[in-house]
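Heads up: the structure comes next, in structure tokens.
The values are calculated or read from the model by the stated rules, or taken from the named source; none is laboratory data. None of the values given here were measured: they were computed from a predicted structure. Because the Cβ atoms are built from the backbone with ideal geometry, glycine has one as well, and the counts that use them run over all protein chains shown. Heads up: the accessible areas ignore ligands, DNA and RNA and are worked out on the full protein's heavy atoms, side chains in. Shrake-Rupley method; radii C 1.70, N 1.55, O 1.52, S 1.80 Å.
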Amino acid sequence: SHQLEIRAQVANAFLAKFQLTPEEMNTLRGARDGPITEDFFKALGRVKQIHSDVKILLRTNQQTAGLEIMEQMALLQETSYEQLYRWAQSKFKDFQMSNSIILLSLVLTQALEALQDRPVLYKYTLDEFGTARRCAVVRGFIDALTRGGPGGTPRPIEMHSHDPMRYVGDMLAWLHQATASEKEHLEALLKQVTMQGVEENMQEVVGHITEGVCRPLKVRIEQVIVAEPGAVLLYKLSNLLKFYHHTISGIVGTSAATLLTTIEEMHILSKKMFFNSLGLHASKLMDKIELPPPDLGPTSSLNQTLSLLREVLASHDSSVVPLDARQADFAQVLSCILDPLLQLCTVSASNLGTVDMATYMVNSLYMMKTTLALFEFTDKRLEMLEFQIEAHLDTLINDQASYVLTKSGLSYIYSCVQQHKPEQVSTFARP
């Protein structure tokens, strides 16, 4: 009797160590038709523990029992992981219709934590989440463009299509907010996942989610740019696109996100159209060269072009693009406008006399200098203009000095003084 009692205790201890309780088995099997609860993860953790502990039996005489238990637990694990994937897949379908902040339950977070043991199912689950949220983001973007917010607030973005800066800015601002929200959703979903590459997974999924809005965004921005709203607006659009590219890349990373590629393409297009507009303006100036006015002041075409340059540089200074990018653009802008202006002034003054030409050039160059002096990154150009102004002032000074000497009859004495050499000592006779 004592031996049988000991054997019963050993058998019970064995079953408690290497078998699931009826409640745990019912929890795992009931998950096929019912919802997943926290008890399911406790039972799954128990299965994983038994599967790990049963390896001890393989080192003893109970290898047959150990292999059977291991096979049973492995089968239970695979079935449970498959159930988890199917359940998460069904839950993600509810996210397709939600354009607002989604409420992620703790059970979903635990499901992703458990599924990381099966990388393939984990990847499929993330793909399902990304696909569901992609549909929601595209629907939300189209609604923001055409229907506006709940109750008409905010108003539909399309209503501001006549204002290029606000139109493009509102679309990019909406996408920036949506991208940040999707990144937060993913961080909440994967906060308990400890496997390597979680950050890369999040960037990849956010890139997939935002990919759906690229086509409607690109079509609308292209329509604005191709309409040629003017050089200044094109330059402002270019800076706006550059800023949002820099900002959104901080959320989704620099990986090959289609949204970033689309914004960069639109930035390059707007920048190209901007410099084409400047080149066209410069070619028009050279096609019809305006003669200097009677007062030898700056011509109207010069004033108009400097006014254009002033607007461009003002928008450049007020842009929120990083400093290094702004400095790189600045030199190219100045070359496209200032170099044709200098050539225009030189050609228009070619038929003037020496004094009139110098006067006209000083007035024109001074106008350019005062325009550039108000902005940053112009030191080299200001120095160049100052040298040219000094050269023309020297011409005026020499001419005016010659005129005064001639009128006063001192030109002969001046020439004699110039011929005098310091080593020649004059001898004066004493009275």
Segments classed as helices (runs of 4 or more DSSP H), wholly inside the stretch 183-294, with at least 2 members that are closer than 30 Å to Gln116 by Cα: 198-211, 231-252, 258-287
Residue that is nearest to Ala132 (Cα to Cα) [pool: residues in the stretch 189-203 that are open to solvent by 40 Å² or more (accessible area, probe 1.4 Å) and in contact (Cβ under 8 Å) with a residue 60 or more places away in the chain]: Lys191
Hits in the stretch 367-401 - residues which are surrounded by 16 or more Cβ atoms within 10 Å (Cβ to Cβ), among the hydroxyl-bearing types (Ser, Thr, Tyr) and under 25 Å from Val333 (Cα atoms): Thr371, Thr378
Criterion: closer than 27 Å to Thr247 by Cα and modelled with pLDDT under 85 - qualifying residue of Ser318, Ser402: Ser318
Residue tally, condition part of a helix (DSSP H, G or I) and either buried (at least 16 other Cβ atoms within 10 Å of the Cβ) or acidic (Asp, Glu) (or both), over the stretch 140-154: 5
Residue within the stretch 105-123 that is open to solvent by less than 60 Å² (accessible area, probe 1.4 Å), part of a helix (DSSP H, G or I) and either touching a Lys or Arg at 6+ places or on another chain (Cβ under 6 Å) or acidic (Asp, Glu) (or both) present: no
Output for the stretch 342-385, where each listed residue is in a loop (DSSP other than H, G, I, E, B) and more than 22 Å from Leu285 (Cα to Cα): Gly353, Ala373, Leu374, Phe375, Glu376, Phe377, Thr378
Any pair with Cβ under 7 angstrom, 6 or more apart, that starts in the stretch 6-20 at a residue that is closer than 12 Å to Val54 by Cβ and ends at one that is assigned to a helix (DSSP H, G or I) and among the aliphatic types (A, V, I, L, M): Phe18/Ile50; Phe18/Val54; Phe18/Ile69
Pro298 buried (at least 16 other Cβ atoms within 10 Å of the Cβ) and either outside any helix (DSSP H, G or I) or acidic (Asp, Glu) (or both): yes
Any hit, the stretch 406-421, residues being open to solvent by 70 Å² or more (accessible area, probe 1.4 Å), at pLDDT 80 or above and within 21 Å of Thr354 (Cβ to Cβ): yes
Thr261, sole failed condition from (1) surrounded by 13 or more Cβ atoms within 10 Å (Cβ to Cβ); (2) touching a Pro at 6+ places or on another chain (Cβ under 9 Å): (2)
Residue, nearest to His246 (Cα to Cα), within the stretch 174-186, restricted to residues that are open to solvent by 40 Å² or more (accessible area, probe 1.4 Å) and out of contact with any helix residue (DSSP H, G or I) (no Cβ under 8 Å at 6 or more places or on another chain): Gln177
Meets criteria (surrounded by fewer than 21 Cβ atoms within 10 Å (Cβ to Cβ), on the phi < 0 side of the Ramachandran plot and in contact with a Lys or Arg (Cβ under 8 Å, 6 or more places away or on another chain)) for Met165: yes
Qualifying residue in the stretch 147-158 (condition: under 18 Å from the mean Cα position of the chain (by Cα) and modelled with pLDDT of 90 or more): no
